[in-house]
Amino acid sequence: MAGTPTTGPVRVALVGAGKITELTSRAYEDTEDAEVVALCDPREERLAALAARFPDAERFGRVDDLLASGTQADMVEISVPTPLHCEVACQVLRAGCHVNLQKPMATSLAEANEMIHAAQESGSVLRVMEPYLFFEPLETLKAVVESGEIGDVAGFHMKMVGTGGGGWDVPWSTLQWQFEQMAGRGLGILVFDDGWHKFAVTKWLFGPVSEVMAWIGRTELGPGIALDAPSTVMWNHESGVRGVLDLTLAPDTYMRSHYYSSDERFEVTGTKGFARVNHCTAYGLGQPVLEVYSGGVLRAYQNLDDDWGNCFSRQTAHFLQWLRHGGSAPDGSGTGDPSAGAGQRAGAGQRARADAPSGGNTPSEPAAGPGLLLDARSAREVLALVLGAVESSKRNRPVRLDEPPWAAP
Ligand SMILES: NC(=O)c1ccc[n+]([C@@H]2O[C@H](COP(=O)([O-])OP(=O)(O)OC[C@H]3O[C@@H](n4cnc5c(N)ncnc54)[C@H](O)[C@@H]3O)[C@@H](O)[C@H]2O)c1
């Protein structure tokens, strides 16, 4: 059975029914590639709200009960608070289910190593989802850069302004654990939680990072409540490209959005011009979402899908295709080798099987092959960059990521 593609829909359990599940669950409402068989959240009202959309799914208040129930699930979508990622993901992987995990992957490299180890041992696939890599304007920016149209890459600049007005409502309980994470470990909403997306983008565009330096500021909002801004992070890619992320707060600014109201910009400067993505989760100032300037000509893209919520469905579709067709992602970025896929069906609560797929989860390739966006090894590199930035700010000097403990063990 090793590497046999799944023939039927992927049976999915949704663990965590909080804010982001509003977006992650959308992809499962209208697809023939998956069937939601179970829902899990200790909060009854959240479970009930999700169950209204997936009435045939079984409901659980605890992951232990889900895994012990005999419910047959192939993959678990994990959307619990980040400090619980390691515990819940390891439980699920060891039970023989594949995982689609929310970002940030973990709160420490030790946790990431433990999860990768659990995936290796069980033969299950650990994927860390990253919606920005499925945002069509950023995909197009990548294609423009790779085409050589703006010349050789001279630098990459990202800007994120946390605005106070606009966007969807975020309940206090969703913010509370984020503020606790900041208070207890210095892992804030802007550099660690949201910054993860930006560091994933830079790694996706320009490859591994060798060195990072950051000044992470602090803005008190109230007792025990602080944001990690203003902050500036700088890094060097092994390729020689330098990146900068600038984070500021503009609490009295309104920004139209269906989601988070951040003003975000991504600009690649080339030797012959530049390419800019002008907005992402919010709609910015209504400029074209992508502008490319080259040879004295400015081109503006009006035909790209700039509804950020849609990248959640696209990343889920990508993973389902990967699971069902043996590592061949719809965009052809997979290995194309059915043995690298993870199409076997495992029951929840079932121990890892000897016929686990060989191509993506051998000890030499711990957590699935290329094309997953993000496979666990790549996600660990993003985590090393984020945590390296936090550490650099504490030490007030650069951190090298090609040395232990940042480099993969
Ligand atoms: N990809 C993105 O753009 C994006 C955006 C926001 C949040 N996130 C990530 O998604 C995750 C969840 O964030 P959120 O904003 O939805 O938080 P949230 O607090 O709104 O939701 C978390 C849910 O998990 C439930 N939960 C807690 N412990 C559980 C357990 N042991 N088993 C099952 N359920 C449990 C909670 O009751 C809650 O309903 C975090 O890792 C966060 O960083 C990702």
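A few remarks follow.
- Restricting Ala376, Ala346, Ala300, Ala352 to those that are at pLDDT 95 or above, of a type in the set (A, V, I, L, M) and not assigned by TED's automatic domain parsing to the domain that holds Trp204 reduces the list to Ala376.
- Answer residue from the stretch 95-116, given it is in contact (Cβ under 8 Å) with a residue 40 or more places away in the chain and away from the ligand (no atom under 15 Å from the Cβ) and is farthest from the chain's Cα centre (by Cα) among those: Gly96
- Residues satisfying the stated conditions in the stretch 25-37, i.e. surrounded by fewer than 22 Cβ atoms within 10 Å (Cβ to Cβ) and in contact with a helix residue (DSSP H, G or I) (Cβ under 6 Å, 6 or more places away or on another chain): Arg26, Asp33
- Ala17 surrounded by 22 or more Cβ atoms within 10 Å (Cβ to Cβ) and in a loop (DSSP other than H, G, I, E, B): yes
- Residue within the stretch 170-182 that is surrounded by 21 or more Cβ atoms within 10 Å (Cβ to Cβ), more than 9 Å from the ligand (Cβ to nearest atom) and not in a helix (DSSP H, G or I) present: no
- Among the residues of the stretch 67-123, those identified as assigned to a strand (DSSP E or B) and within 19 Å of Val386 (Cβ to Cβ) are Ile78, Leu101.
- Of the residues screened, Thr82 is one that is of a type in the set (Ser, Thr, Tyr), within 25 Å of the chain's Cα centre (by Cα) and either within 9 Å of the ligand (Cβ to nearest atom) or under 21 Å from Ala106 (Cβ atoms) (or both).
- Applying the condition of being β-branched (Val, Ile, Thr), in contact (Cβ under 8 Å) with a residue 60 or more places away in the chain and part of a strand (DSSP E or B) to the stretch 199-241 and asking which residue is surrounded by the fewest Cβ atoms within 10 Å (Cβ to Cβ) yields Ile216.
- Under the condition of being more than 26 Å from the chain's Cα centre (by Cα) and within 14 Å of the ligand (Cβ to nearest atom), the residues counted in the stretch 70-79 number 0.
- Within the stretch 165-189, tally of residues that are more than 20 Å from the chain's Cα centre (by Cα), under 21 Å from Asp263 (Cα atoms) and free of Cβ contacts under 8 Å to residues at least 24 places away in the same chain: 1
- Matching residues, the stretch 54-63, being surrounded by fewer than 17 Cβ atoms within 10 Å (Cβ to Cβ) and away from the ligand (no atom under 11 Å from the Cβ): Pro55, Asp56
- Counting only residues that are among the aliphatic types (A, V, I, L, M) and at pLDDT below 95, the stretch 379-409 holds 2 of them.
- Test for Pro223: is it out of contact with any strand residue (DSSP E or B) (no Cβ under 7 Å at 6 or more places or on another chain) and either away from the ligand (no atom under 16 Å from the Cβ) or among the polar types (S, T, N, Q) (or both): yes
- Unmet criterion (only one of (1) touching a residue at least 40 places away in the same chain (Cβ under 8 Å); (2) surrounded by fewer than 21 Cβ atoms within 10 Å (Cβ to Cβ); (3) of a type in the set (S, T, N, Q)) for Ser261: (2)
- The stretch 8-49, subset basic (Lys, Arg) and out of contact with any strand residue (DSSP E or B) (no Cβ under 8 Å at 6 or more places or on another chain), residue farthest from the ligand (Cβ to nearest atom): Arg26
- Residue list for the stretch 117-133, restricted to those being more than 10 Å from the ligand (Cβ to nearest atom) and not basic (Lys, Arg): His117, Ala118, Ala119, Gln120, Glu121, Ser122, Gly123, Ser124, Val125, Leu126, Leu133
- Reported count of residues in the stretch 207-247, each being on the phi > 0 side of the Ramachandran plot and in contact with a helix residue (DSSP H, G or I) (Cβ under 6 Å, 6 or more places away or on another chain), is 1.
- Scanning the stretch 85-94 for residues that are of a type in the set (D, E, K, R) and either near the ligand (Cβ under 9 Å from one of its atoms) or under 15 Å from the mean Cα position of the chain (by Cα) (or both) turns up just one, Glu87.
- Counted residues, the stretch 242-283 - those being in a loop (DSSP other than H, G, I, E, B), hydrophobic (A, V, I, L, M, F, W, C) and within 16 Å of the ligand (Cβ to nearest atom): 2
The values are calculated or read from the model by the stated rules, or taken from the named source; none is laboratory data. The model shown is predicted, which means the values in this text are computed figures rather than measured ones. Methodologically, a virtual Cβ is constructed for each residue, glycine included, from the backbone with ideal geometry; neighbour enumeration extends over all protein chains shown.
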